[in-house]
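The values are calculated or read from the model by the stated rules, or taken from the named source; none is laboratory data. Here the structure is a predicted model, which is why all the values come from computation and not from measurement. Positions of Cβ are generated from backbone atoms using ideal geometry, with glycine treated the same way; all protein chains shown enter the neighbour counts.
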Amino acid sequence: MGVLLDLIQRGGWVMYPILCCSLAALAIVMERIWSLRRGKVAPRALIYTVNDLLTKRQYDEAAFFCQDGKTAAERLVRQALKMIGQPRAMFKDVMEETGRREAVFLGSHLELLGVIAAVSPLLGLLGTVSGMIGAFGAVAQAGLGNPGLLAGGIGQALLTTAAGLVVAIPAMVIHRLLQSRVESLTGDLEDLGADLLEFLAAPDPPAPGLTTPSPLKARPLG
């Protein structure tokens, strides 16, 4: 802890926003890892059970099974059960809108994590430039008789660049991994929505102008 505080003090004021970025990134990562567990979004056991109940047309049992609405899959099923027998186009629109809302929730805070990954190295560069200006200013006042003064100032200035990269690189990698996780879970919800559409929506009406031919009546014999 003492070493960390010493590095922050040596790095100057830019180290404080970099530290804030690191704490924010850590909080976002922990929250998203918890929220993007499959059991909290689209449990496979729930999907299999719902598909089995809908296949047997046990709609009341499916509604009871999803009554808590704690997961995205449950909320999707509950919305679909309210639309039983609706025209296919209307059913599809409602399912897509519900899926979009769930996808927005799954991806929440990831944009902020991406901003932190992009801004942290820039903050480090700002600290380095600021430190270099201070180091050359000190050399200008003291003269070139003490090269160690310039070297020490440059080394101290580069601390902020290193700190910014230490925050940015893991944030960028984890951001991409979490995005991939969101895409995978969103795909599962889309598959569930397609199944619900097939089970619960009314069939498309025949195209205008097309009528089902009536059976031919048998002519009486004789």
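Listed here are the residues, each with its yes/no results for (1) more than 29 Å from the chain's Cα centre (by Cα); (2) modelled with pLDDT under 70; (3) surrounded by 13 or more Cβ atoms within 10 Å (Cβ to Cβ); (4) assigned to a helix (DSSP H, G or I).
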site: 151; (1), (2), (3), (4): yes, yes, no, yes
site: 165; (1), (2), (3), (4): no, no, yes, yes
site: 169; (1), (2), (3), (4): no, no, yes, yes
site: 188; (1), (2), (3), (4): no, no, yes, yes
site: 194; (1), (2), (3), (4): no, no, no, yes
site: 208; (1), (2), (3), (4): yes, yes, no, no
site: 212; (1), (2), (3), (4): yes, yes, no, no
site: 217; (1), (2), (3), (4): yes, yes, no, no
Report summary line: Out of (1) within 30 Å of residue 176 (Cα to Cα); (2) modelled with pLDDT of 90 or more, the one residue 69 does not meet is (2)
Report task. Would you check which residues across the range 20-32 are touching a residue at least 60 places away in the same chain (Cβ under 8 Å) and of a type in the set (A, V, I, L, M) and list them? Result -> 24, 25, 28, 29
Report task. Return yes when residue 129 is among the β-branched types (Val, Ile, Thr), part of a helix (DSSP H, G or I), at pLDDT 90 or above and out of contact with any helix residue (DSSP H, G or I) (no Cβ under 7 Å at 6 or more places or on another chain) and no when it is not. Result -> no
**Report entry** Sole exception among (1) within 17 Å of residue 107 (Cβ to Cβ); (2) out of contact with any Leu (no Cβ under 7 Å at 6 or more places or on another chain); (3) at pLDDT 95 or above for residue 175, by number
**Finding:** (2)
Query - Residue list for the range 29-53, filter: closer than 14 Å to residue 192 by Cβ and part of a loop (DSSP other than H, G, I, E, B) - result: 42, 43
**Report entry** the range 54-80 - residue that is outside any helix (DSSP H, G or I) and of a type in the set (Lys, Arg) and, of those, nearest to residue 199 (Cα to Cα)
**Finding:** 57
Query - Selection from the range 1-18 of residues that are assigned to a helix (DSSP H, G or I) and either in contact with a strand residue (DSSP E or B) (Cβ under 9 Å, 6 or more places away or on another chain) or in contact (Cβ under 8 Å) with a residue 24 or more places away in the chain (or both) - result: 7, 10, 11, 15, 17, 18
Report summary line: Checked 97, 102, 111 against criteria (surrounded by 18 or more Cβ atoms within 10 Å (Cβ to Cβ) and either β-branched (Val, Ile, Thr) or assigned to a helix (DSSP H, G or I) (or both)); the one match is 102
